[in-house]
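Asker: Let me begin by handing over the structure; questions about it come next.
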Ligand SMILES: Cc1cc2nc3c(=O)[nH]c(=O)nc-3n(C[C@H](O)[C@H](O)[C@H](O)COP(=O)(O)OP(=O)(O)OC[C@H]3O[C@@H](n4cnc5c(N)ncnc54)[C@H](O)[C@@H]3O)c2cc1C
């Protein structure tokens, strides 16, 4: 027939389906400056809003005088809590079940908190208006240390104290203290204590995973436009979850949900920073309603770093027990979690500390217990998952450090200790002590491949020699070999245990096949750089046999896209990717009926083959998907509706569990604290690989963020609650200069429950990278007695470690 | 991060610049590359109602290389890096410039702005003190020359009057070996500690040595004592130790995000020792 010379391989290749390193379709516009970001949106008569922010971390507000600001040319309005209170909008719910001030209601709880919203004709006038607003503050005692917060008489949040003066109940149960938010327990407390008490060996360690920030290149912002004629509110914004934002806006504003259209245009990186709802969104909406004009709000870099969602800030205390020969018997973990002034985490409702209970890691640990206490302090709210699914970075850091500490305690090689304790391939699906059921894994294979690739024994021999040379005064550089085997938990998640504000964490895909054999698919997720338009088209290409190049992927407009919970926590591929495959299969099922009709055989007598249905046993008799698409619109087929469309809402049966084996080889100058990464090897197993090039890009990006976090990136406060790292001069954002060469590698262990076996990869390199860089620093000093030193490992802290170990004497 | 409103002036000769400075006094300030001044204005740490752009003013560019080297105030760090004759005659300038900021900043940042700014983090003030340079300024009463080693009084306080404009820096063609050693946290960062060293070798001994340190006090630190400690020695371990010891008496670092004082002092010593060793190996 038409294309006999074309081989099956050619047909597969021309689809650019799964497994193909298809070039990113987004890049044509991004590399030519043709992206369309929120700040590119310009509407007629658009106004600009910006915040007066608190210079103090804790203060009473005694007066706000806006009169001088109203005199500034171009300033049209100044909103304060007093203006929002009659609407009930001076506070808003957070995604964590807490509430947060939209504009300071009598007091401020962190430096940079929103105090008043100045609306002006342009952003220059708004900036001048801000200067002219006079706020009188009465300073209050500042608490930046969560342990102090739990002892202090100072009440940070008046709403945490009941009528009788005792702590009121919080969103997740009783409070232990007025500055306490919640306690979350997981696992078996008494058995764990018993196992540890009776163990041959116990290693105990405390560690602080410092506060940092996702710092996307594009800051947060929005444009709100209330059309008073038709009663419709359109809200463009940097939203990682546009549908959830629509529902939240409807719930708090009372505007019916069908009258709200939320649009996430191109987003310049999110990394968790753009999941939550911010005062800027509420104020822009109110300002648009008040003025009748569109109102834009865009953060500057300092606003973003100082006030929008931070990450981490976990004080973790661990005990791990083992037999003399290294078999782990129990794990105990306690976390004091600093949430700042409001609990604005974005975790599923039942998980106030996210998936911290993945902290048994890649190891077969029979007994474990986890307890997390959330605490208020005078710091910015947040606690989002910075390129990790809900506290998985913290969990993996914790266990990968505890393994190293145990190896020291046992005087054992850290690789050997891991191998003894890995969950074995035949143990999957594996039920972990803290509740999760790991779907699949093959850790030993990945680990052995990694150790071989870096010549681990050779590295250890070199290190031994280096230590001798150092002691003999021949060199001032130490060599660190950082190891990490991480197990991620992504793809939140099964509606039975995962929801945000009561919204189940399913996701969705809707496909329309056009008569000429091209298609559009819309999803409930939203790309922030992950390349969804490229990869989701590839999934569909393989599922429905139309070329990826003929498939448009659209996301982010709630008027057109099906409901979904958005993109974060590596959930797009595990959840929306599954929905895409399932919707594709519905298309294929209908196409099969059409093909059978056209080929005049029974439905069961045709089978799918790449891009067509063929008659079984007679491959020369077939109908291509292109032909079938046309037939769907021009044939009257008995018993079959015209058209070719499908929708799938996918509720995943389980999470997916990507894993990987990372090795970092680092040179450390003990005199200056300067580090140099000589080698970084990253083996990732994300199950089925949709686009290897995009995977590699995700890994390079995630490792670079991990390097930043481990080696210098932090949000630091002084005792007065002033942010010390509010600009990019001090907040470390690595450039090409600081980034080493990354060697990437992989194994493939498909997820058994995911329709295409994919597991998600966006976060793995960050989750696994941070402990790997950190372990390299620790490992370099192991021979000199170091057990634990907290990140970030910047020059002076490494220097301090060397100094404390007597290496400068 | 939006500056208060300001008037923008762009005169095309020095007379124009000086008359605007005279008219507006404290309210006026010149701008060269703007890469120190504009961030300060955006942070509203500098309030400049009248900004005078020097880009169109003639006579502030150019590099002349002879026994004396003269660099116009508006010469950028990038111009310095690309100038081969200058790199031959005074290689420490290229070595230092390559460690300033990043290429984008270096295309804009000027020598005049860098030395006039008075920010202890800038690298060129220390470098100019090491080279014993002279700054030429012009004001209502004509031209004046100020030695770099006398120019810096405190952070952002210099020997230049508000109504004077810097036109050039000049210095004798340096002799001997050089090194500019700088520790920083990342590309585009100011120094944790930096050392500029020029050493002249005569036979096996040090005939003269000039040493200046950056970002370790509220001004650059020219340490005559550190240089003296090397003169007449074979620049061995003891001599370097003595030089480092002398330098440590002259610096006064403060704690910041780069680290505490003890760390900075330690690193200053390490950086200086490395700079001396490298300069000596080239002498
Ligand atoms: C990200 C970044 C990183 C940087 N890192 C470094 C670094 O590592 N090391 C370093 O040394 N510098 C660094 N800089 C500063 C950069 O080199 C500046 O450009 C330079 O210090 C000032 O030069 P300028 O021409 O931009 O001066 P401007 O910003 O235009 O002016 C600075 C000051 O000098 C005054 N001034 C300028 N020209 C004259 C003149 N002719 N006469 C009198 N007064 C004058 C101005 O009024 C102003 O007060 C960095 C800058 C940035 C933005």
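Asker: In the range A:599-608, what residues are buried (at least 16 other Cβ atoms within 10 Å of the Cβ) and closer than 15 Å to residue A:545 by Cβ? It would help to see each step written out before you state the result.
Answerer: Of all residues in the range A:599-608, those buried (at least 16 other Cβ atoms within 10 Å of the Cβ) come to A:599, A:601, A:605-606, A:608.
Within the range A:599-608, A:606, A:608 meet the criteria.
Asker: Residue B:90: away from the ligand (no atom under 14 Å from the Cβ), at pLDDT 95 or above, assigned by TED's automatic domain parsing to the domain that holds residue B:164 and buried (at least 20 other Cβ atoms within 10 Å of the Cβ), yes or no?
Answerer: Details: away from the ligand (no atom under 14 Å from the Cβ): yes; at pLDDT 95 or above: yes; assigned by TED's automatic domain parsing to the domain that holds residue B:164: yes; buried (at least 20 other Cβ atoms within 10 Å of the Cβ): yes.
So residue B:90 passes the test.
Residue-by-condition table, conditions (1) outside any strand (DSSP E or B); (2) at pLDDT below 95; (3) within 11 Å of the ligand (Cβ to nearest atom); (4) buried (at least 18 other Cβ atoms within 10 Å of the Cβ):
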position: B:150; (1), (2), (3), (4): yes, no, no, no
position: B:161; (1), (2), (3), (4): yes, no, yes, no
position: B:168; (1), (2), (3), (4): no, no, yes, yes
position: B:175; (1), (2), (3), (4): yes, no, no, no
position: B:182; (1), (2), (3), (4): no, no, yes, yes
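Asker: Let me ask something else. Which residues, counting only those in the range A:643-687, are more than 26 Å from residue A:397 (Cα to Cα) and more than 14 Å from chain B (Cβ to nearest Cβ)?
Answerer: Hits for the range A:643-687 are A:643, A:644, A:645, A:646, A:647, A:648, A:649, A:650, A:651, A:652, A:653.
Asker: Could you say which residue among A:793, A:778 is more than 14 Å from every other protein chain (Cβ to nearest Cβ), out of contact with any strand residue (DSSP E or B) (no Cβ under 6 Å at 6 or more places or on another chain) and within 25 Å of residue A:681 (Cβ to Cβ)?
Answerer: After ruling out the rest, the residue left standing is A:778.
Asker: Take residue B:79 and tell me if it is more than 14 Å from chain A (Cβ to nearest Cβ), modelled with pLDDT under 95 and either more than 9 Å from the ligand (Cβ to nearest atom) or in contact with a strand residue (DSSP E or B) (Cβ under 6 Å, 6 or more places away or on another chain) (or both).
Answerer: Working: more than 14 Å from chain A (Cβ to nearest Cβ): yes; modelled with pLDDT under 95: no; either more than 9 Å from the ligand (Cβ to nearest atom) or in contact with a strand residue (DSSP E or B) (Cβ under 6 Å, 6 or more places away or on another chain) (or both): yes.
Answer is no for this residue.
Asker: Before we move on, is residue A:706 touching a helix residue (DSSP H, G or I) at 6+ places or on another chain (Cβ under 6 Å) and free of Cβ contacts under 8 Å to residues at least 60 places away in the same chain?
Answerer: Numbers: touching a helix residue (DSSP H, G or I) at 6+ places or on another chain (Cβ under 6 Å): yes; free of Cβ contacts under 8 Å to residues at least 60 places away in the same chain: no.
No.
Asker: Only one of these is surrounded by 23 or more Cβ atoms within 10 Å (Cβ to Cβ), more than 6 Å from the ligand (Cβ to nearest atom) and not assigned by TED's automatic domain parsing to the domain that holds residue B:36: B:125, B:103. Name it. Spell out how you get there, then give the answer.
Answerer: On the way: B:103 fails: surrounded by 23 or more Cβ atoms within 10 Å (Cβ to Cβ).
Just one listed residue meets the conditions, B:125.
Asker: Just wondering, is there one or more residues in the range A:660-683 that are modelled with pLDDT under 95 and on the phi < 0 side of the Ramachandran plot? Step through it out loud before you land on a result.
Answerer: First, pick out the residues of the range A:660-683 that are modelled with pLDDT under 95: none.
The answer is no; no qualifying residue exists.
Asker: Restricting to the range A:388-398, count the residues that are assigned to a loop (DSSP other than H, G, I, E, B) and modelled with pLDDT of 90 or more. Show your work before the answer.
Answerer: Residues of the range A:388-398 assigned to a loop (DSSP other than H, G, I, E, B): A:388-391.
Those still in the list that are modelled with pLDDT of 90 or more too: A:390-391.
Qualifying residue count for the region: 2.
Asker: Check A:25, A:72, A:12 and return the single one that is modelled with pLDDT of 95 or more and closer than 24 Å to residue A:129 by Cβ. Don't jump to the end; show me each part of the working.
Answerer: Working: A:25 fails: closer than 24 Å to residue A:129 by Cβ; A:12 fails: closer than 24 Å to residue A:129 by Cβ.
Just a single option satisfies the conditions, and that option is A:72.
Asker: Can you tell me how many residues in the range A:703-721 are more than 12 Å from chain B (Cβ to nearest Cβ) and either farther than 16 Å from residue A:314 by Cβ or within 16 Å of the chain's Cα centre (by Cα) (or both)?
Answerer: Count: 8.
Asker: Looking at residue B:209, is it touching a residue at least 12 places away in the same chain (Cβ under 8 Å) and within 14 Å of the ligand (Cβ to nearest atom)? If you could, list the steps in order and put the result at the bottom.
Answerer: Numbers: touching a residue at least 12 places away in the same chain (Cβ under 8 Å): yes; within 14 Å of the ligand (Cβ to nearest atom): no.
Spelling it out, it is not the case that residue B:209 is touching a residue at least 12 places away in the same chain (Cβ under 8 Å) and within 14 Å of the ligand (Cβ to nearest atom).
Asker: Output the residues belonging to the range B:188-206 that are more than 9 Å from the ligand (Cβ to nearest atom) and within 14 Å of chain A (Cβ to nearest Cβ). First the steps, then the outcome.
Answerer: Kept after step one, since they are more than 9 Å from the ligand (Cβ to nearest atom), are these residues of the range B:188-206: B:192-193, B:195-206.
Once the filter is applied, which keeps residues that are more than 9 Å from the ligand (Cβ to nearest atom) and within 14 Å of chain A (Cβ to nearest Cβ), the range B:188-206 yields B:192, B:193, B:195.
Asker: Next question, about the same structure. Does the range B:191-206 hold any residues that are touching a residue at least 12 places away in the same chain (Cβ under 8 Å) and assigned to a loop (DSSP other than H, G, I, E, B), and which are they? If you could, list the steps in order and put the result at the bottom.
Answerer: From the range B:191-206, those touching a residue at least 12 places away in the same chain (Cβ under 8 Å) are B:191-201, B:204-206; that's our starting set.
If the condition is that a residue be touching a residue at least 12 places away in the same chain (Cβ under 8 Å) and assigned to a loop (DSSP other than H, G, I, E, B), then B:191, B:192, B:204 are the ones that fit.
Asker: Next question. Among the residues of the range B:116-128, write down those that are over 14 Å from residue B:90 (Cα atoms), in a helix (DSSP H, G or I) and touching a helix residue (DSSP H, G or I) at 6+ places or on another chain (Cβ under 7 Å). Break it down into steps so the answer makes sense when it comes.
Answerer: From the range B:116-128, those over 14 Å from residue B:90 (Cα atoms) are B:116-123, B:125-126; that's our starting set.
Next, from what is left, pick out any that are in a helix (DSSP H, G or I): B:116-117, B:125-126.
Matches in the range B:116-128: B:125 only.
Asker: Out of everything in the range B:23-73 that is free of Cβ contacts under 8 Å to residues at least 24 places away in the same chain and within 14 Å of chain A (Cβ to nearest Cβ), what residue ends up being farthest from the ligand (Cβ to nearest atom)?
Answerer: So, considering only residues that are free of Cβ contacts under 8 Å to residues at least 24 places away in the same chain and within 14 Å of chain A (Cβ to nearest Cβ), the one farthest from the ligand (Cβ to nearest atom) is B:45.
Asker: Go through (1) in a loop (DSSP other than H, G, I, E, B); (2) free of Cβ contacts under 8 Å to residues at least 24 places away in the same chain for residue A:177 and report which single condition fails.
Answerer: With (1) in a loop (DSSP other than H, G, I, E, B); (2) free of Cβ contacts under 8 Å to residues at least 24 places away in the same chain applied to residue A:177, the lone miss is (2).
Asker: When you scan the range B:242-283, how many residues do you find that are in a helix (DSSP H, G or I) and more than 14 Å from chain A (Cβ to nearest Cβ)?
Answerer: Applying the first criterion (in a helix (DSSP H, G or I)) to the range B:242-283 yields B:242-250, B:261-282.
From what is left, the residues that are more than 14 Å from chain A (Cβ to nearest Cβ) are B:242-243, B:245-250, B:276, B:278-282.
Of the residues in that region, 14 qualify.
Asker: State all residues of the range A:335-352 that are part of a loop (DSSP other than H, G, I, E, B) and within 18 Å of residue A:380 (Cα to Cα); if no residue qualifies, say none.
Answerer: We begin by selecting, within the range A:335-352, every residue part of a loop (DSSP other than H, G, I, E, B); these are A:339-352.
If the condition is that a residue be part of a loop (DSSP other than H, G, I, E, B) and within 18 Å of residue A:380 (Cα to Cα), then A:339, A:340, A:341, A:342, A:343, A:344, A:345, A:346, A:347, A:352 are the ones that fit.
Asker: Please tell me if residue A:245 is part of a helix (DSSP H, G or I), closer than 27 Å to residue A:532 by Cα, touching a residue at least 12 places away in the same chain (Cβ under 8 Å) and outside the structural domain of residue A:522 (by TED's automatic domain parsing). Break it down into steps so the answer makes sense when it comes.
Answerer: Working: part of a helix (DSSP H, G or I): yes; closer than 27 Å to residue A:532 by Cα: yes; touching a residue at least 12 places away in the same chain (Cβ under 8 Å): yes; outside the structural domain of residue A:522 (by TED's automatic domain parsing): yes.
Yes; evaluated as a whole, the condition is true for this residue.
Asker: What number of residues in the range A:611-641 are surrounded by 19 or more Cβ atoms within 10 Å (Cβ to Cβ) and assigned to a loop (DSSP other than H, G, I, E, B)?
Answerer: So the count comes out to 1.
Asker: Give me the pairs: first residue in the range B:164-189 and at positive phi, second residue surrounded by 21 or more Cβ atoms within 10 Å (Cβ to Cβ) and in a strand (DSSP E or B), beta-carbon distance under 8 Å, and six or more apart or on different chains, which are they?
Answerer: B:176/B:198; B:176/B:199
The values are calculated or read from the model by the stated rules, or taken from the named source; none is laboratory data. Note that the coordinates shown come from a computational prediction; the quantities given were computed from them, not determined experimentally. No Cβ is skipped: glycine too gets one built from the backbone with ideal geometry, and neighbour counts run over all protein chains shown.
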